[in-house]
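Working notes, beginning with the structure itself.
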Amino acid sequence: VPNQVLLKPMHKHIMTSETYMQSNRSDDDARAKIDPDNLLWWHRAPRRLEAESIRDSMLVVSGLLDGRMYGPGTLDQNMKRRSVYFFIKRSQLIPMMMLFDWPEHLVSIGQRQSTTIAPQALAFMNNPLARSAAESLAKEISDIGQLDKVFMKVLSRQATESERQAALRFIARAEQTRKEQNANEPDKMAWADFCQILLCCNEFIYVD
């Protein structure tokens, strides 16, 4: 308890400091010339979510998350519980988690790597979890008037006017394509395609 008493004020001091609350925008040309590598922390460095948080976030926004707590872990990569319940076996590591720098579990790691590679984007486009999350999210949308609802759920903000117009154009084209493919419920498929695009956004996996 004494340690908690000491730490809480320090946490508050750090988190309410001007440095901690900075934006990650780096459009100050004068400062960029002086400190292009942001060594003096004149803006917040972009930070990507960890592998577990990315997976869990997709499950949360789509409504697929199984919130049950406790119990044994599993090797089943299709399970819908939080990623902390994955059982670790070196011969059966989960590809999507490894893509987003899941750490080596047999050694101590002081700081995780945070890489940016092309297969990460391909995972959001082709991974079954990403698609099932998009389809589940699309089921909650009944008409175009709920566009802001899906933006708020995935990106925690409303759509801008330009984004709204671009979304309408995309959904119309996607629905026409699905009809040409004789897909069942082409309107829902088009919405799922759009929801998957939102999940692919950097804004979804990076802390602002």
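A few comments on the model shown:
- Pairing residues of the stretch 65-85 that are within 15 Å of Met96 (Cβ to Cβ) with residues that are polar (S, T, N, Q) and open to solvent by 50 Å² or more (accessible area, probe 1.4 Å), at Cβ distances under 9 Å and at least 6 apart in sequence or on separate chains, gives Leu75/Gln92; Gln77/Gln92.
- Of all the residues in the stretch 114-145, those that are at pLDDT 85 or above and more than 16 Å from Arg55 (Cα to Cα) number 6.
- Here the condition is being among the hydroxyl-bearing types (Ser, Thr, Tyr) and either surrounded by 10 or more Cβ atoms within 10 Å (Cβ to Cβ) or touching a Pro at 6+ places or on another chain (Cβ under 6 Å) (or both); of Ser108, Ser114, Ser23, it holds for Ser114 alone.
- Residue satisfying condition, being surrounded by fewer than 14 Cβ atoms within 10 Å (Cβ to Cβ) and within 30 Å of Leu99 (Cβ to Cβ), within set Ala30, Ala51, Ala45: Ala45
- Some residue of the stretch 177-199 being of a type outside the set (Gly, Ala, Ser), open to solvent by less than 90 Å² (accessible area, probe 1.4 Å) and closer than 17 Å to Leu49 by Cα: yes
- Residues satisfying the stated conditions in the stretch 117-168, i.e. surrounded by fewer than 17 Cβ atoms within 10 Å (Cβ to Cβ) and small (Gly, Ala, Ser): Ala118, Ala121, Ser142, Gly145, Ser156, Ser162, Ala166
- Segments classed as helices (runs of 4 or more DSSP H), wholly inside the stretch 1-66, with at least 2 members that are touching a helix residue (DSSP H, G or I) at 6+ places or on another chain (Cβ under 8 Å) and either among the hydroxyl-bearing types (Ser, Thr, Tyr) or within 30 Å of Phe87 (Cα to Cα) (or both): 51-62
- Some residue of the stretch 24-44 being within 16 Å of the chain's Cα centre (by Cα) and of a type outside the set (A, V, I, L, M): no
- Scan of the stretch 79-93 for residues that are modelled with pLDDT of 90 or more, part of a loop (DSSP other than H, G, I, E, B) and open to solvent by 60 Å² or more (accessible area, probe 1.4 Å), ordered by number: Lys80, Arg82
The values are calculated or read from the model by the stated rules, or taken from the named source; none is laboratory data. Predicted model, so just to flag it, every value in this text is computed and none were measured. Glycine gets a Cβ as well: all are built from the backbone with ideal geometry, and neighbour counts include every protein chain shown. These accessible areas exclude ligands, DNA and RNA; they are computed on the full protein's heavy atoms, side chains included. Shrake-Rupley method; radii C 1.70, N 1.55, O 1.52, S 1.80 Å.
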